[in-house]
Structures are given as C-alpha cells and as structure tokens.
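Chemist: I'd like to ask you about the structure that follows.
The values are calculated or read from the model by the stated rules, or taken from the named source; none is laboratory data. Predicted model only: the values in this text are computed from it and were never measured. Reconstructed Cβ throughout: ideal geometry from the backbone, glycine too, with neighbour counts over all protein chains shown.
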Amino acid sequence: MERLVIKGGTALKGEIEINGAKNAAVAILPAAILASSGECVIDNIPNIEDVHCLERILGVLGCEVEKLGENTLKINATKMTSVNACTEHGSRMRASYYFIGALLSRFKEARVDLPGGCPIGVRPIDQHIKGFEALGAKVSIEHGTISVKAEKLVGANIFFDVVSVGATINLMLAATLAEGTTTLENVAKEPHVVDVANFLNSMGADVKGAGTDVIRIKGVKDLKGCNYSVVPDQIEAGTFMIAAAATKGDVTLTNVIPKHLESISAKLIEMGVNIEEGDDTIRVFVDKQLKGINIKTSPYPGFPTDVQQPMCSLLSSVEGRSLIVETIWESRHQHVDELKKMGASIKVEGRTAIIDGTDKLTGAVVKATDLRAGAAMVIAGLIAEGSTEICSIEHIDRGYPRIEEKFKSLGANISRVQR
Ligand code: EPZ
C-alpha cells in the first residue's frame, strides 16, 4: 500500500505548471469515439488514473490508442468493434458514463456499467436518462448495467431540473449526430463543459451557447478526427493556490486561465491573500495574517464544490470562525473527521461545516476519504507541525498527476512510501 508522508512547516515557493483539466479530459476521451474518420490527437491530457481507466475502455471498444507523449494521446475510433463499454474499469469511476452519450450518438446503442466515483453523496443520473429518452432512446437498467438503444435520434428541447455537469455533457454528445436541433436549457457552464463543446466543434459538430444557460446543437451527418489541447485544470489550480496561501508561501501558477479562477481568487483575497493575475499565470503570496471567511459552493461561476475541501484545511489554520456551506453534494464533509485528528476545530451541521481556526495543526495518520478530501489532507499536512501520513492515496492519484513531485518542486517535504 502506498502512502504520502509529509513533514509540515515549509512555505511553498516557486513556479508550478498546471495540467490539463481532469473533468474535461474524462469527457473528451469518450467523445473521441464520435470520429468515424480520421484520428484525434489530444494534448494537455493529465496523466491520472481516471484517464488510464478510460484508455483501457477505449481499447475494449476496439479503438486504437497510442501515447505520443506524457500528456498526448492519439485515438483512432474508425474501426470500432463494440458498443459494450462494460469492463471492470468503468464502475470504478464517474466519467465512464460519457460512453453512453457518445456510443448512442454514433451507433444508436450503448451498454455501460453504472458509474462509480467519489463517495460524496447520492449521485443519480435521472437527468441523463430523461435527456436520452427525449431524443428517442429506450433506456433500461439491469444488474448494474445501463443499456440504451434507439432506432434513430431526433433533436428535442430538454430542460434540466438540476444544473448537472454530467447530464449537460452527455446530452451534448448524444445530440451531435441526431436529426435536427436539440436545445438544452438550465445547463452547467463550467469551463470543462465549454471545453467539450469546443472539442466537438473541432470535430465538425455544430454546438452553440456553451458557457451560457442554453446550448443549441444542430445535428450533423458525421464527425472527423482533429487536433485539440485540453483546457487548464481549474480545480488543480485552485488546490495549489490554497496550498500556497496555507503555507504562507509565494507561488506562481503557469498554464492557467485566471478568469476560471475568479471565485477562488475572490475568496482568498477576502481572507487577506495577495493575488496577481497575468495572461496565463497567477501569483499567490501571503504577507499578513489571514482571517476566516464564509463560503457557499454553487455551479460555475460560483465557488466550486471540488475546491471546498482543500479550502477547509486552510480555514482550519486561520484566525476566526469560517463557514463552508456545501450545496451540491449531500455528504462532502467526510474529510472533517480526518482534519480533527490533526487538531482542527470543526463542527458539521447538515451541509455546513463550522470551522474555528487554530494556529496549530499537528501531524497524524489520516485517510484520503475521496479525491478532494485527499488534497485537503495534503494541504493540512503541509501546514501541520511534525509528520502526517496519508493512506488510501489511490483516491488522490485518480485526479492529481504526480502530486508529490509537484509539491516537492515547490520545496515541500513530501514523499511516497510503501507501507
Ligand atoms: C461533476 O460530477 C464532476 N465530475 C465532479 O467532480 C463535480 O463535483 C460535479 O460535476 C459538480 O461540479 C466529473 O466531471 C467527472 P453533476 P457530476 O451532475 O457530473 C445532481 C471531482 O472531485 N444530479 O453536476 O457527476 C447531483 O446529485 C468530482 O473531480 C441529479 O440530481 O455532477 C448533484 O447534486 C467529484 N440528477 C448535482 O446534480 C442527475 O441526473 C450536480 O451533479 C445528475 C446530477
């Protein structure tokens, strides 16, 4: 079993390059099967476990997948042989469900394991199913597998009951090759949603409005391969910004889009952190005492749920009381019990964490209960006195490429050990 061991107390300093976005890449890889001619060469793909799982599923479907570099993949889906994406890999992660939209679009049929992913509360897919049915598909779920089939797909108006990243992307995929126009309303506006729309358009699709509340997709006859570079990761960037602030460091992030980070920057500035934005860089440094603040997560452009757990570690170590209200997921405060082992003073009431800052966190053996909880533990370890040992780090590897190497390059005392 691998663990991360961190000796806290070093201020992070230097420059760090942010990777391509996990939550864009995990949709773009399944979307690549929509190309019935040519190859997709996709760059800036993060080298993470969720991506490796998707590569294996692409192989099972009969796609040729070639690694051209650490962050570049060539995918040729022209000779695909199967519409059955059920493998041991699919149920381990969330994004395998994007194969439903992509396979349905191209072959009018798909079989996919019901998705897994982080244990952060109930994760229904009713909005995806409602959308597929509106396009003319029949959907059935048996023995943990979802099967979707259509004679033909015809464009429709779909109004989502909740703002869902996954349903928005899955329906964009499903509608690209449908007859006529599909209108998706009350959609998610996250940078990764826009990135998937840009990728589809690079393949020849006609998707308009991504980044607003309404997306219109005019079905086209077929899609072809393209060259594409994945958008920088808003969440990895947010994690490093928070780590820089938590250690009272001075870190410049490169390969970022500062606009995507505005909600995170605004909250850090409110605490007293200094932020300097460049065109594709952001510098985070601290030269005064930080104070507690209140945060409420919400869909983009609001404060991202995926960054609230790392933020909880930072707020545990600053003066005053802070509140974090989680509005997206019903149980995304599981990291709190782990932080308490390190001396944090946090009470959870329903979806709200009430944090009383302490000036001393102390190292302990803690668990990464999910992906972003793992990032929260790393940040807590970086500020704590003494040694912190994090177990269950497979969660962290699902979403953060080479996390210990990246923090080490900023001066952190962190290593991966076998226990
Ligand atoms: C994506 O999950 C991300 N995962 C999550 O990031 C992220 O937390 C979430 O979006 C919100 O930003 C990927 O992109 C792979 P949703 P997704 O559909 O698409 C409800 C991480 O840490 N809902 O936007 O599964 C749902 O219960 C991960 O990287 C329905 O009710 O999330 C939730 O309350 C964790 N019915 C809300 O909508 C549906 O059919 C938002 O979920 C779909 C969703």
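Chemist: From the list T176, T145, exactly one residue is under 24 Å from the mean Cα position of the chain (by Cα), at pLDDT below 95 and over 30 Å from A380 (Cα atoms). Which is it?
Modeler: T145
Chemist: Would you point out the residue of region 122-138, among those that are hydrophobic (A, V, I, L, M, F, W, C) and within 14 Å of the ligand (Cβ to nearest atom), that is surrounded by the fewest Cβ atoms within 10 Å (Cβ to Cβ)? Break it down into steps so the answer makes sense when it comes.
Modeler: The initial filter retains those residues of region 122-138 that are hydrophobic (A, V, I, L, M, F, W, C), namely 122, 125, 129, 132, 134-135, 137.
If we keep only those that are within 14 Å of the ligand (Cβ to nearest atom) too, we end up with 122, 125, 129, 132, 134.
Working: V122: 7, I125: 21, I129: 19, F132: 28, A134: 20.
Here the answer is V122.
Chemist: Kindly establish whether G320 is more than 16 Å from the ligand (Cβ to nearest atom) and within 20 Å of G238 (Cβ to Cβ).
Modeler: No: the conditions fail for G320.
Chemist: Would you check which residues across region 210-252 are charged (D, E, K, R), within 25 Å of T281 (Cβ to Cβ) and either within 22 Å of the chain's Cα centre (by Cα) or assigned to a loop (DSSP other than H, G, I, E, B) (or both) and list them?
Modeler: Step one: filter region 210-252 for residues charged (D, E, K, R), giving 213, 216, 218, 221-222, 224, 233, 236, 248, 250.
Adding the requirement that they be within 25 Å of T281 (Cβ to Cβ) leaves 233, 236, 248, 250.
Of everything in region 210-252, those that are charged (D, E, K, R), within 25 Å of T281 (Cβ to Cβ) and either within 22 Å of the chain's Cα centre (by Cα) or assigned to a loop (DSSP other than H, G, I, E, B) (or both) turn out to be D233, E236, K248.
Conditions (1) away from the ligand (no atom under 14 Å from the Cβ); (2) surrounded by fewer than 23 Cβ atoms within 10 Å (Cβ to Cβ), marked per residue:
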| position | (1), (2) |
| --- | --- |
| Y98 | no, no |
| L104 | yes, no |
| I120 | no, yes |
| A150 | yes, yes |
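Chemist: What strands (runs of 3 or more DSSP E), lying completely within region 138-187, carry at least 2 residues that are of a type in the set (A, V, I, L, M), more than 12 Å from R216 (Cα to Cα) and in contact (Cβ under 8 Å) with a residue 24 or more places away in the chain?
Modeler: 145-149
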